[in-house]
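For reference, the structure is listed below as C-alpha cells.
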C-alpha cells in the first residue's frame, strides 16, 4: 500500500474544520481522508501551525516552501514524491494513488444519469 502525506497550511486545528467560517473544500477533503482511512489507505496530515518541524525535516516540502512560499500548500506526497501542490486532491485522486477502487455509486459520473445512459 502506498503512503500518502498531506502538508497543510497553518490552520487552527488538525483538519481545518473548526471555527465559525469553515471552508467547504476542507470539509470535503476531511470526509475524503476519513473515507481513505476506512478503506485502508495510509494517509498522514501535517499542519504547519502545529507541526512545523515536519515541514522543515522534509527536504521536498522545505524546498517547495522556499521557492514558492505558502502558496505551494497543501503539498501531497505519495511514497515521498510530490503528487500535487497548491490544492487538495479529490477522492478519486486518493483512490487512484493508493490503488483502491471506489464503489460505482461513489465515482464521478460523466453526465449519464442512469445506467446505460438512459435518463430516468
Elements of type strands (runs of 3 or more DSSP E) contained in region 17-99, each with 1 or more residues being out of contact with any strand residue (DSSP E or B) (no Cβ under 6 Å at 6 or more places or on another chain): 81-85
Number of the exception - residue 71 against (1) within 15 Å of residue 88 (Cα to Cα); (2) buried (at least 19 other Cβ atoms within 10 Å of the Cβ): (2)
All positions within region 22-50 that are surrounded by 16 or more Cβ atoms within 10 Å (Cβ to Cβ), out of contact with any helix residue (DSSP H, G or I) (no Cβ under 9 Å at 6 or more places or on another chain) and either farther than 15 Å from residue 8 by Cα or without any contact (Cβ under 8 Å) to a residue 40 or more places away in the chain (or both): 30
Per-region count, region 52-62, residues surrounded by fewer than 16 Cβ atoms within 10 Å (Cβ to Cβ) and either farther than 28 Å from residue 99 by Cα or touching a helix residue (DSSP H, G or I) at 6+ places or on another chain (Cβ under 9 Å) (or both): 4
Residue that is farthest from residue 82 (Cα to Cα), among those in region 1-16 that are in a loop (DSSP other than H, G, I, E, B) and modelled with pLDDT of 85 or more: 10
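The values are calculated or read from the model by the stated rules, or taken from the named source; none is laboratory data. From a predicted model like this one, the values you see are computed outputs, not experimental measurements. Because the Cβ atoms are built from the backbone with ideal geometry, glycine has one as well, and the counts that use them run over all protein chains shown.
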